[in-house]
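Below is one structure, written out as structure tokens; the observations come after it.
The values are calculated or read from the model by the stated rules, or taken from the named source; none is laboratory data. From a predicted model like this one, the values you see are computed outputs, not experimental measurements. Don't worry about glycine lacking a Cβ; one is built from the backbone with ideal geometry, like all the others, and counts go over all protein chains shown. Surface areas here come from the heavy atoms of the whole protein model, side chains and all, with no ligands, DNA or RNA. Shrake-Rupley method; radii C 1.70, N 1.55, O 1.52, S 1.80 Å.
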Amino acid sequence: QVQLVESGGGLVQAGGSLRLSCAASGRTSSSYSMGWFRQAPGKEREFVAAIKWSGDITYYTTYADSVKGRFTISRDNAKNTVNLQMNSLKPEDTAVYYCAATISVRYSEVRDDRRYDYWGQGTQVTVSS
């Protein structure tokens, strides 16, 4: 069992920045795909970003078109955390942000939330105009 806990959400003005963190505990592995998803009120959950690594090697990162160039996903192996640095925030970024993990996923499926086995409880991000 793997537990994921998100933190770092809050209220910011448009153009501001936030850094979200997802801490993993339990029976963790040295190889994961980790994704960030978000869900706004009345909308379906959407893919945001993902990272795949094994040991010290990061194989890839990938982003939704809507956040590319503004958000950066990264990992901190020493702390078993994955971070999402969000810059140039827009009101349309307002959502509950969830982190998710799976030990194995094909690159072509990494944006599919059905491929993830473990989920955090979510953290609220609100961007005011």
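Quick one: accessible surface of W119, probe radius 1.4 Å, all protein chains present, in square angstrom to the nearest 10.
Ignoring ligands and nucleic acids, W119 comes out at about 80 Å².
Evaluate E = 1/(1 + (r/R0)^6) for S29 and S7, where r is the Cβ-Cβ distance and R0 equals 30 Å; express this FRET efficiency to the nearest 0.05.
0.90
Calculate what fraction, in whole %, of the accessible area of the chain sits on carbon and sulfur atoms when a 1.4 Å probe is rolled over the protein chains.
Roughly 44 percent, rounded to a whole number.
Can you give me the accessible area per residue for the chain, using a 1.4 Å probe, in Å²?
That works out to 52 Å² per residue.
Tell me the label-point distance for the pair N80, Y59, using the 7 Å Cα-to-Cβ offset, in nm and rounded to one decimal.
Label at N80, label at Y59, 2.1 nm between them.
Tell me the accessible surface of D113 in square angstrom (1.4 angstrom probe, heavy atoms of protein chains only), to the nearest ten.
Its accessible surface works out to 40 Å², give or take rounding.
Using a 1.4 angstrom probe on the protein heavy atoms only, could you order K90, K43, K52 from most to least accessible area?
From most accessible down to least: K43, K90, K52.
Quick check: convex hull of the Cα atoms in segment 39-129, volume per residue, rounded to a whole Å³?
Measuring per residue, one finds 112 Å³ for the Cα hull of segment 39-129.
Contact order normalised by length for segment 57-129, with contacts defined as Cα pairs under 8 Å and 6 or more residues apart; what percent is it?
It rounds to 28 percent for segment 57-129.
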